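Peer 1: Have a look at the structure that comes next, please.
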Amino acid sequence: MRSIRTLTLATLTALAFAPAAFAQDSTVDTASGKHFAVVGGVSLLQPKNDPLDGVRKVDGGPAPTLSFSYYINDNWAVELWGAADKFDHRVRGTDGARLGTVEQQPIALSGQYHFGQADNVFRPFVGAGYYESNFSNEDLASDIGHIGVKTAKGAIGTVGVDMNINSTWFARADARYMHSRPELTVNGEGTGDKAKLDPWTVGFGIGARF
């Protein structure tokens with residue numbers, strides 16, 4: 001009789017604690033359902049060679065970058081990405097001589113698709129969108145006046161991968177291509193000449209989602 005009472009008491013106790021235990025088990029640490037992410041990092045921007053007659057190379061340079069993303073769901077996101085400081089470039093002529101310097105600071109808005117589940121360790125993604133890059137502090141050797149570079153505008157494409165550290169933190173590596181054909185100006189007047197810069201960026205960063 002005592003054993004029946006003990007078994008009954010144990011059964012009732014287990015039933016009483018079962019809902020609480022189930023609720024605790026169901027509270028899983030997950031990245032799924034989080035709608036916002038921010039990434040801080042550094043990127044190296046490198047324009048293509050021979051962008052203009054008389055110019056052999058525009059040297060690349062690093063700059064800190066930031067991005068803010070809104071995840072519509074676990075796979076689709078909208079990202080605002082940009083340089084937190086300016087990329088510095090040295091311009092070299094066909095003989096390798098230095099012609100001067102110029103700076104640029106891009107910003108872009110893209111749609112992205114992230115493959116796989118939100119909690120996968122590695123999550124590749126691709127994106128496409130629109131960007132603008134403002135050029136400033138042009139210091140280019142010229143005997144005809146001040147040479148300037150108009151704002152570049154066009155398409156941007158992105159490929160990358162996130163490595164989940166936990167449900168909040170992740171590391172990111174990405175590459176971006178910008179279709180960049182800014183017009184040159186002399187003393188503020190357009191020349192019709194366009195520099196075919198078409199740069200790539202390669203970046204690394206740390207992100208958090210919430």
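What follows is calculated from the coordinates using simple rules that are stated; it is not laboratory data. Keep in mind that this is a model prediction, so the values were computed, not measured.
Peer 1: Take the chain, drop everything but the C-alpha atoms, weight them equally and run the Debye formula without solvent; then report log10 I(q)/I(0) at 0.10, 0.12, 0.14 Å⁻¹ to two decimals.
Peer 2: -0.55, -0.70, -0.84
Peer 1: Of the candidates Q117, Q46, Q104, which one comes out as most mobile in a Gaussian network treatment of the chain with C-alpha springs shorter than 10 Å?
Peer 2: Q117
Peer 1: Across the chain, how many lysine pairs separated by 8 or more positions, or lying on different chains, have Cα atoms within less than 13 Å?
Peer 2: 7
Peer 1: Next up: Using Cα pairs under 8 angstrom and six or more residues apart, how large is the relative contact order of the chain, in percent?
Peer 2: Once normalised by length, the contact order is 19 percent.
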